[in-house]
1. Can you put 174, 183, 132 in order of Cβ neighbours within 10 angstrom, beginning with the fewest?
2. Please state the Cα pair-distance histogram of region 49-93 with 5 angstrom bins from zero: what percent is in each bin?
3. Calculate the length of the line joining the C-alpha centroid of region 62-121 to that of region 238-260, in whole Å.
4. Could you calculate the FRET efficiency of residue 13 with residue 207 from 1/(1 + (r/R0)^6), where r is the beta carbon distance between them and R0 is 45 Å, rounded to 0.05?
5. Can you give me the three principal axis dimensions of region 65-147 from its C-alpha atoms, in Å, biggest first?
6. With a Cα-only, solvent-free Debye model of region 1-63, what are the log10 I(q)/I(0) values at q = 0.14, 0.15, 0.19, 0.30 Å⁻¹?
7. In nm, give the distance between the simple-model label positions of residue 182 and residue 80, each being 7 Å from the Cα along the Cα-to-Cβ direction.
8. I want to verify the translational diffusion coefficient of region 1-154 in µm²/s; compute it with Stokes-Einstein, Rh as the Kirkwood radius over Cα pairs, at 20 °C and 1.002 mPa s.
């Protein structure tokens, strides 16, 4: 949207609402990030995957903090400059800060979507064919995001060095404004498609696995898998809904409210890695409890029974925790049946960890 389309006062009102909503989400992010640090750093023994997740969450929290500080500057610094009767300086400062914020948005999006793609890659048995399209969409969205930043910076410099006697914008400025709108559409459309696709693939994989588990082990065993799929679907749905509104309100039909949803998209993308990390760390997904088969590979499902703490509490005698590992093999089935086949035979191995 061109700044000429709306007044500076309207932009400030929109920024105040965006700051208010973003502050609430950032407060939730602080709590979730602290929980991730505690769980990954102190509750579980340090591992390579935990260290990587800590680095990812720290980076997301760092960029989220930077964006919140810039949002505060946009509202209060620009407002003070405007009240000091320096409208041109206020507008230039507003444009500079928004260019910096827009430059940070693709980085936050890369962190969030990369973690989601990695999660889908793990759940689908490390099949590269599953994540090729999401990776392509992520690259397209990132390229659109930085072309958008380039166009905004270039337009800002043209406006900054334009003579005061020039009443109409030069053709190059109008070309950059049109390019900005196209890149906004490409950025939000590709990000929306990536999130919807990844959430659907992860949820489908988990729910498809529970069909056979429900028939073999009973409903009680699949509750945690269904809960994991529900959390992924709900979290992805909220993020996707914000992306959809941002795409509509900032893309084809630009409106001032589009900036509000852009802020929601940015803050949701920042908190999403922390939420997904909590889900993984609390053993709410299928990665630590099942390794899904691909082709003729076997399915292995470790099932933990009574924990030593519960046994000590009942009997006062410390017993070793036993684990039974079930391995299943597949049988051929016709294409008309669909879905996953039931196991033909099983072998039970009892081991002590």
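1. With the fewest neighbours first, 174, 183, 132 line up as 132, 174, 183.
2. 5, 22, 16, 13, 10, 9, 8, 7, 5, 3, 1
3. One Cα centre to the other: 17 Å.
4. 0.55
5. Dimensions of region 65-147 along the principal axes of its Cα atoms: 61, 23, 9 Å.
6. -0.58, -0.61, -0.75, -1.17
7. Output for this residue pair reads 4.1 nm.
8. D, rounded to a whole number, is 119 µm²/s.
All of the numbers you see were taken from the coordinates with simple rules; none came from a lab. As the structure is a prediction and not an experimental result, all values here were calculated from the model. Because the Cβ atoms are built from the backbone with ideal geometry, glycine has one as well, and the counts that use them run over all protein chains shown.
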